[in-house]
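Every read-out reported here was derived from the displayed coordinates using simple, explicitly stated rules and does not represent laboratory data. This one's a predicted model, so the numbers in the text were calculated from it and none came from an experiment. Backbone-built Cβ (ideal geometry, glycine too); neighbour counts: all protein chains shown.
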Amino acid sequence: MTDAKNLKTANDTSTPTKAAFPQGKNVIAVASGKGGVGKTWFSITLSHALARQGKRVLLFDGDLGLANVDVQLGLMPKRDLNDVIRGRLSLDKVVQTYEEGGFDIIAGRSGQASLSALPSQRLAMLRDQLLDLAQDYDVVVIDLGAGVDRTVRMMSASATRSLLITTDEPTSLTDAYAYIKLGSAAGMSKRVSIVVNQASSQLEGEKTYRTLHKACENFLRLSPPLAGLIRTDPRVKDTVRSQTPILIRSPNTEAAQDVEKIANYVDGILKKAASA
Ligand SMILES: Nc1ncnc2c1ncn2[C@@H]1O[C@H](COP(=O)(O)OP(=O)(O)OP(=O)(O)O)[C@@H](O)[C@H]1O
Ligand SMILES: [Mg+2]
């Protein structure tokens, strides 16, 4: 396993500028250093779990280059973020209700370079519209693209809390550390909690968390808390393949139960933020 010392050599060295972003009290961003660790699946399942707690939930597909919430759910959105970017519709007009899950979705548009290359000003407008819209919901979950680019920084800085997903793969851990390191320069790492996904067991998942935590404490003087562990579960692939949420298809399976626990953690974060 990668140890804390190796993580320190995380190769990303660009320095983001400090910026004061407007922040939503009920916005949760789902991020990761490395791609393919389960952000989209987790964002959907977390949104679903929060909706099952009776909350009004909006899931925003914030992976502006490679959107795929709609693909994992088998939706064919008639309107999406592209309409907003092009100035054809306001953000509230592209919301669609995902009836089966009991939550709302703003779909992205996969492969649209125009979305990922948005000028900062347009991106800031989009974020402001989202924060406005967030007032109609109990919680907004943003599924971000991997990495720490400008879009990710702006969106996660506007969140109450970012849930940073890592697996135990050395590359994923190193990139998670790099995310926290770069985010710390932008002042957003104090609001990061860790989710270890695809853990082979509870114990292994805790080990992975401790490795990352140790590196953050030693080299960044940060102690990101653990939001929770999600075990590797063959049902996840089944549900992604069948484009059905896991909490409908296999609600009692391990990974589903693990996300429900994280939904309770998020509930606690939201309550704290609301009363702050
Ligand atoms: N707990 C888990 N158990 C088993 N498989 C999982 C688990 N979590 C995620 N996966 C697998 O990982 C794949 C990738 O998930 P997903 O598309 O959600 O990742 P992502 O982080 O959003 O990727 P990208 O960075 O490309 O947006 C899923 O299709 C699923 O097969
Ligand atoms: Mg994704």
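Laid out as a table, the results:
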quantity: Residues GLN121 and GLN202, FRET efficiency given R0 of 45 Å [Cβ-Cβ distance, rounded to 0.05]; calculated: 0.50
quantity: Sequence-separation-based contact order of the chain, relative, with Cα cut under 8 Å and 6+ spacing, percent; calculated: 28
quantity: Average Cα contact separation per residue, the stretch 89-136, under 8 Å, 6 or more apart, as relative contact order %; calculated: 34
quantity: Extension gain, ARG150 back to ASP267 (0.36 nm per residue minus Cα-Cα distance, nm); calculated: 39.3 nm
quantity: Eligible aspartates and glutamates near LYS93 by straight Cα distance, threshold 17 Å, same-chain separation 8 or greater; calculated: ASP61, ASP70, ASP80, ASP83, ASP104, ASP128, ASP132, ASP136
quantity: Rule-of-thumb Rg ratio for the stretch 142-192 [Cα; 2.2 N^0.38 Å; N residues]; calculated: 1.04
quantity: The stretch 126-249 - percent relative contact order, Cα under 8 Å, separation 6 or more; calculated: 21
quantity: Residue-averaged 222 nm ellipticity for the chain, from DSSP H runs of 4+ at -39500 (n - 2.57), nearest 500; calculated: -13000 deg cm²/dmol
quantity: Tail weight of P(r) past 25 Å, computed on alpha-carbon pairs of the chain, percent; calculated: 41
quantity: Cα→Cβ-extended label distance, 7 Å offset, between LYS190 and ARG235, nm; calculated: 3.9
